[in-house]
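Step one of this worksheet: look at the structure below.
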Amino acid sequence: MILNDGMATPTLSIVAPAYNEERNLSAFLTAMIPVLEGIGETVEIVVVDDGSRDGTLGMLAAAASQDPRIKVVSLARNFGKDVALSAGLAHATGAAVIPIDCDLQHPPELIPQFVAKWREGFDMVIGVRSKRDEEGWLRRNLSKTYYKVMRFMTSVEIPPNAGDFRLIDRKIMDVINQMPERHRFMKGIFAWPGFKVASIEFQANQRANETRSSWSFFKLWRFALDGLFSFSTAPLKLWTYIGLLSAGGAFVYLAVTVIQKLFFGIAVPGYASLLIVVLFFSGLLLISNGIQGEYIARIFEEVKGR
């Protein structure tokens with residue numbers, strides 16, 4: 001369902017996914033609209049209700065009825081942030097598009113700086129967090145390690161400490177909207193086209209109304225796997241080398257056992273060592289099958305073409 005879809009083509013589109021943001025929407029729009037009016041360009045605000053279970057959709061409908069610049073896209077159920085963001089990007093018509101969160105962690109007052117950089121000729125302007133003090137030590141370091149692994153295992157340069165908050169020129173948006181995959185890892189998709197990129201550092205705000213993040217450890221883990229398996233075939237190729245090392249190790253162990261028997265008369269080791277070897281290689285095979293299964297599952301989803 002789409003509300004307010006008939007306005008003229010704007011210069012700037014704001015895209016904000018919303019899931020159970022009833023407590024934050026009023027503050028978000030109150031902070032956003034004065035900033036946009038100060039830029040002096042025609043704007044639209046595309047808010048995507050990602051199957052919210054509270055009064056988010058009702059509040060959005062009321063806001064859209066009062067302000068024609070607000071466009072509401074309502075999804076039939078909760079599909080997740082990256083799918084909701086993709087839906088918003090597909091409905092954004094501006095010459096430049098800015099994805100932003102509704103919880104006000106992304107400061108709207110940074111938008112004029114994005115637009116200024118865009119006017120200088122940059123095709124994408126990325127908001128990069130200067131610090132992540134609002135997150136715990138473990139989460140900060142896991143995030144840092146994850147992006148190091150991504151840079152090592154993929155050909156796409158995904159900047160660390162950069163989320164969805166950025167300005168994207170229309171020519172990049174046209175490329176992104178043509179990407180057909182269903183498993184949408186937006187950080188990688190944003191980085192894939194290239195073009196001329198600038199970055200601006202910012203300090204993330206506290207979440208509005210002291211709300212807590214809906215991202216549990218399990219959701220973050222699945223999100224990390226989606227990013228890795230969507231933009232890298234290294235886990236598949238890695239097992240060729242692990243298999244060679246494992247086979248080489250087994251051959252060396254066999255040679256040592258034969259030499260001990262022939263030249264020193266030492267009996268062949270018993271069941272314990274044999275069991276360890278069998279379990280070790282069986283574990284490697286299961287892990288390898290699991291890695292392949294992740295890719296096959298994604299092939300299954302893409303072939304269905306839902």
Practice item. Enumerate the amide H contacts of residue 14 below 5 Å, restricted to partners 5 or more residues apart or on another chain; note that Pro and chain-start residues carry no placed amide H. Key: 44, 45, 46, 98
Review point. For the range 162-207, what is the accessible area per residue in Å², given a 1.4 Å probe and the full set of protein chains?
Key: 45 Å²
Exercise for review: Could you run the Karplus curve 6.51 cos²θ - 1.76 cosθ + 1.60 with θ = phi - 60° over the range 184-190 and give me ³J(HN,Hα) per residue in whole Hz, x for Gly and Pro?
Suggested key: 9, 9, 5, 4, x, 5, 4
Practice item. Report the label-to-label distance for residue 201 and residue 286 in nanometres (one decimal), using points 7 Å from each Cα along the Cα→Cβ vector. Key: 4.7 nm
Exercise for review: Mind listing the long-range amide H neighbours of residue 204? Cut-off is under 5 Å, sequence gap 5 or more, other chains count too, H placed in the peptide plane at 1.01 Å from N.
Suggested key: 130, 131
Exercise for review: Filter the cross-link list 117/171; 144/187; 171/196; 71/187; 148/171; 81/187 down to pairs whose alpha-carbon distance in this structure exceeds 20 Å.
Suggested key: 71/187; 148/171
Practice item. Which order do the peptides 38-51, 171-184 take when ranked by the mean count of other beta-carbon atoms within 10 Å per residue, highest first? Key: 38-51, 171-184
Review point. Non-local amide H neighbours of residue 163 (under 5 Å, H modeled in plane, Pro and chain starts lacking H): which ones?
Key: 129
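The values are calculated or read from the model by the stated rules, or taken from the named source; none is laboratory data. No experiment lies behind these values; they were computed from the predicted model shown. Cβ: placed from backbone, ideal geometry, glycine included. Neighbour counts: every protein chain shown. Surface accessibility is based on the protein's heavy atoms, side chains included, excluding ligands, DNA and RNA. Shrake-Rupley method; radii C 1.70, N 1.55, O 1.52, S 1.80 Å.
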